[in-house]
Amino acid sequence: MTPPDVHLAAVGTALPGPPVDNAALARRFGMDPIWEEWVDTFIGTRTRHLAVDLDTGEVRYSLADLGEAAGRQALETSGFTAEDIDLVVMGTATPDHLMPATVNVVADRLGIDGISTYQLQSGCAGAFQALDVARQMLLTGRHRTALVLGGDVIAKHYDLELDLRRLPPAEMVNVALFGDGAGAVVLTTEPRGDSTALRTVFTRLAGLRRAPGQILEWYGPAQRHLDGTGAREDYKAIEASVPVMAEEILAELLKQLGWSSDEVDYVLPPQLSGTMTARIMARLDVPGMHEVTCVNETGNNANALPFQQLERVLPQLADGDRVLGIAVESSKWIQAGFALEKV
């Protein structure tokens with residue numbers, strides 16, 4: 001029996017609060033204007049959305065809040081209801097709690113019950129992993145319609161009282177890089193009206209004997225004596241590795257599908273920052289593909305970011321258009337990709 005096609009019926013996204021520019025960050029953390037100029041020049045991200053109020057320190061949005069908003073939007077746009085969903089998969093590096101899993105809190109808020117739910121713990125590849133798991137399960141025929149979620153609330157890990165001037169660059173850079181958000185898509189084997197076929201998804205660990213490029217600690221009461229922000233990254237290793245790995249992902253996607261680069265209309269590149277996105281696109285060297293970016297405005301909101309890109313590209317697609325999505329997770333070096341085709 002030929003497996004059914006899996007279709008992406010709709011996308012939804014959610015961002016917390018108004019955009020926060022580099023000047024606001026500099027003021028909050030007591031940094032001088034030179035730091036703001038450094039962020040503009042070397043990071044390239046102009047604004048981001050944060051779940052925490054910089055003035056009061058109050059966390060105003062949880063990941064469940066944002067996931068619920070994104071999931072509700074995706075359902076409403078797709079024409080499916082909570083009763084139609086028989087599978088929910090979520091990818092995140094920053095769940096609200098160790099237990100209960102955030103995916104189940106979101107499902108409950110949306111009125112979804114009595115079905116299979118899964119939460120995957122992963123960084124920037126988590127959204128792709130969630131898409132992969134959902135697609136594979138839909139292809140078995142046991143499920144028909146899945147809600148796939150991805151998102152992160154990283155600002156809850158910020159210590160707003162820290163003096164950033166005392167931090168090493170490996171820790172300080174994260175304050176400028178990241179934002180918060182969530183996204184969702186409805187995948188189905190029974191499309192209703194307009195949809196886009198999800199042709200393939202793959203994820204692969206590629207970090208054998210390589211040191212992590214990024215570490216996010218999860219401190220408990222027994223570790224409160226530890227200093228630092230709990231987040232650090234080897235930005236030089238990321239700068240050197242991610243463009244090369246993105247090129248490898250692009251080549252593998254094209255080979256899997258039998259497509260040539262000039263047959264692809266849009267590319268959704270990894271978006272660590274505005275500056276890194278430019279480097280990645282230069283390495284990919286695909287002038288015929290339209291680049292779909294958003295990181296300069298949203299910040300790197302990790303597992304929410306691919307959904308932000310999808311929200312921008314889907315309305316532009318005409319029949320036959322093809323889209324490639326690429327992600328690299330630097331925590332332990334994961335390569336991921338997907339392909340869409342408007343049908």
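What follows draws every value from the coordinates through simple rules; no lab data is involved. This one's a predicted model, so the numbers in the text were calculated from it and none came from an experiment. Cβ sites come from the backbone with ideal geometry, for glycine too, and all protein chains shown count toward neighbours.
Whole-Hz ³J(HN,Hα) for each residue in segment 288-295, computed from phi via Karplus 6.51 cos²θ - 1.76 cosθ + 1.60 with θ = phi - 60°, x for glycine and proline: what do you get?
Using θ = phi - 60°, the values come out as x, 9, 7, 7, 10, 10, 8, 4 Hz.
Out of these labelled values of Rg and Dmax of the Cα atoms in Å, [x] 19.2, 59; [y] 19.4, 65; [z] 24.3, 81, which was calculated from the coordinates shown here?
Computed from the coordinates, Rg and Dmax of the Cα atoms in Å corresponds to [y].
Give the distance, in whole Å, between the Cα centre of segment 110-161 and the Cα centre of segment 1-36.
17 Å
Leaving out same-chain residues fewer than 8 places away, which lysines sit with a Cα under 23 Å from that of Lys255?
Once the sequence-local lysines are set aside, what remains near Lys255 is Lys342.
Loop-only trypsin sites (Lys or Arg not before Pro) in segment 94-147, please: DSSP not H, G, I, E or B, and at most 14 other Cβ atoms within 10 Å.
Here the sparse-neighbourhood loop sites are Arg142.
What longest range of the chain stays clear of loop-exposed GluC sites (Glu not before Pro) (DSSP non-H/G/I/E/B, at most 11 other C-beta within 10 angstrom)?
That gives 162-343 as the longest site-free run.
Counting only DSSP beta bridges with both residues in segment 39-173, tell me the antiparallel percent, nearest 5.
Restricted to segment 39-173, the bridges split so that about 10 percent are antiparallel.
Between Arg142 and Arg312, with labels modelled 7 Å along Cα→Cβ, what's the label distance in nm to one decimal, could you check?
3.7 nm
To the nearest 10 degrees, how steep is helix 274-284 against the longest Cα principal axis of the chain, on a 0 to 90 scale?
Taking Cα atoms only, the helix is inclined about 50 degrees.
For Ala51, list long-range residues whose amide hydrogen, built 1.01 Å from N in the peptide plane, is under 5 Å from its own amide hydrogen.
Ala155, Asp180
Rounded, prolate or oblate: pick one for segment 178-220, where a ≥ b ≥ c are the square roots of the eigenvalues of its C-alpha gyration tensor, a/c under 1.5 means rounded, and failing that, prolate if a/b is larger than b/c, else oblate.
Numbers: a/c = 3.84, a/b = 1.85, b/c = 2.08.
It comes out oblate by the Cα gyration axes.
Can you list the lysines whose alpha carbon sits under 25 Å from that of Lys236, skipping same-chain ones fewer than 8 residues off?
In chain and number order, the partners are Lys332.
Over the chain, what relative contact order in percent results from Cα pairs under 8 Å that are six or more residues apart?
Reported as a whole number, the value is 25 percent.
Would you tally the net charge around Cys124, using a Cβ to Cβ cut-off of less than 10 Å, leaving Cys124 out, and scoring K and R as +1, D and E as -1?
Summing Lys and Arg as +1 and Asp and Glu as -1 gives -2.
Cut-off 12 Å, label point 7 angstrom out along Cα-to-Cβ of Arg204: give me the residues of segment 255-282 whose amide nitrogen falls inside.
255-256
Shape call for segment 196-342 from the C-alpha gyration tensor, a ≥ b ≥ c root eigenvalues: rounded (a/c under 1.5), prolate (a/b greater than b/c) or oblate? Don't skip to the end; give the middle numbers.
Numbers: a/c = 2.18, a/b = 1.88, b/c = 1.16.
Here segment 196-342 falls in the prolate category.
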